[in-house]
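Supplied in structure tokens, the structure appears directly below.
The values are calculated or read from the model by the stated rules, or taken from the named source; none is laboratory data. The structure displayed is predicted, hence computed values, not measured ones. As a convention, Cβ positions derive from the backbone with ideal geometry for all residues, glycine included, and neighbour counts pool all protein chains shown.
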Amino acid sequence: MDKIVILTGAGLSAESGLGTFRDAGGLWAQHRIEDVATPEGFARNPGLVHDFYNARRQQAAEAAPNAAHDALARLQRDFAGDVVIVTQNVDGLHERAGAQAIHMHGELARALCAVCDHRWDAPPQMDTHTPCPACQAHAARPDVVWFGEFPYHMEEISDHLANCTLFASIGTSGNVYPAAGFVQEALYAGAETVELNLEPTEISRAFHSRRIGPASRTVPAWVDQLLGGAT
Ligand code: APR
């Protein structure tokens, strides 16, 4: 049976109005990674980190899935084989489009207790007084994976990659490992590989083919092809 593994990144949600990280004017041009996306930054100034993620949680809640999210949900529903979506995005837009995704970098909509590891649905705004519903500690953090931390579900993802027949990377710059190495794992498995991105990336050469353009255009066309419809 065919098995498609799709890795998605911030470019998929760009046309929903959510900023990417490394494009001109992106999030990492406006904020220092070490301040807002590391455990050390959170230990130094948790209030600043909460403010950053509160704003992103609100933006994500106000955004809507775009045609690319919708097309991937359609592919997952209608494809005769298995379609596994692995996302680095924390915005929840795959689910709001009706798809299921493996969240390797966590989710803005979830909170994690730094004391007892309990996870729960995050309130719209969190701060240093937000109590853990399990242990009552005031050590709530966003359940997102920061630099220096291990991404989630890696074993499950590696198993999927080892069995996939087609691997697609959509809207990700290929700068952050381990996700940037997934194409190599898929190649070892003998899979066909395709990159869909606004522009060529650092790792474009690893792919058998490339589709350049905005995701809202390239992804529905690619899905149509896979489902045997228009090209
Ligand atoms: N359609 C398709 N691709 C696009 C679009 C679009 N409309 N807009 C931008 N892109 C592409 C950019 O050209 C870029 O290659 O999306 C990519 C976004 O790259 P990054 O900003 O680096 O985002 P991402 O790859 O998801 O980042 C990976 O880095 O900081 C961390 O944890 C964060 O999950 C994130 C990880």
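When you go through A71, A24 one by one, which is the residue that is within 16 Å of the ligand (Cβ to nearest atom) and in the same structural domain as P124 (by TED's automatic domain parsing)?
A24
Could you identify the single residue in S169, S216 that is within 16 Å of the ligand (Cβ to nearest atom), assigned to a strand (DSSP E or B) and under 30 Å from A80 (Cβ atoms)?
S169
Please enumerate the residues belonging to segment 56-66 that are assigned to a helix (DSSP H, G or I) and surrounded by fewer than 19 Cβ atoms within 10 Å (Cβ to Cβ).
Q58, Q59, A61, E62
Of all the residues that make up segment 191-213, how many are away from the ligand (no atom under 12 Å from the Cβ), surrounded by 15 or more Cβ atoms within 10 Å (Cβ to Cβ) and assigned to a strand (DSSP E or B)?
Residues in segment 191-213 being away from the ligand (no atom under 12 Å from the Cβ), surrounded by 15 or more Cβ atoms within 10 Å (Cβ to Cβ) and assigned to a strand (DSSP E or B): 3 in total.
Further question on the same structure: Do we have any residue at all in segment 37-58 that's within 12 Å of the ligand (Cβ to nearest atom), in contact (Cβ under 8 Å) with a residue 60 or more places away in the chain and not hydroxyl-bearing (S, T, Y)?
Within segment 37-58, one or more residues are within 12 Å of the ligand (Cβ to nearest atom), in contact (Cβ under 8 Å) with a residue 60 or more places away in the chain and not hydroxyl-bearing (S, T, Y).
Continuing with this model, one more query. Can you tell me which of R44, R32, R77, R22 is of a type in the set (D, E, K, R), modelled with pLDDT under 95 and surrounded by fewer than 14 Cβ atoms within 10 Å (Cβ to Cβ)?
Going through R44, R32, R77, R22 in turn, just one is of a type in the set (D, E, K, R), modelled with pLDDT under 95 and surrounded by fewer than 14 Cβ atoms within 10 Å (Cβ to Cβ): R32.
Further, regarding this structure: Restricting attention to segment 74-102, and to residues there that are in contact (Cβ under 8 Å) with a residue 40 or more places away in the chain and assigned to a loop (DSSP other than H, G, I, E, B), which single residue is nearest to the ligand (Cβ to nearest atom)?
Ranking the qualifying residues of segment 74-102, first place goes to Q88.
Go through segment 128-161 and give me each residue that's more than 14 Å from the ligand (Cβ to nearest atom), touching a Pro at 6+ places or on another chain (Cβ under 8 Å) and part of a loop (DSSP other than H, G, I, E, B).
T128, T130, A137, H138
Could you grab me the full set of residues in segment 1-12 that are within 9 Å of the ligand (Cβ to nearest atom) and either assigned to a loop (DSSP other than H, G, I, E, B) or at positive phi (or both)?
G9, A10
Quick grid of which residues meet (1) over 15 Å from the mean Cα position of the chain (by Cα); (2) touching a residue at least 24 places away in the same chain (Cβ under 8 Å); (3) closer than 18 Å to D82 by Cα; (4) assigned by TED's automatic domain parsing to the domain that holds Q76:
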position	(1), (2), (3), (4)
S158	yes, yes, yes, yes
N163	yes, yes, yes, yes
P178	no, yes, no, yes
Q184	yes, no, no, yes
E195	yes, yes, no, yes
L198	yes, yes, no, yes
I203	yes, yes, no, yes
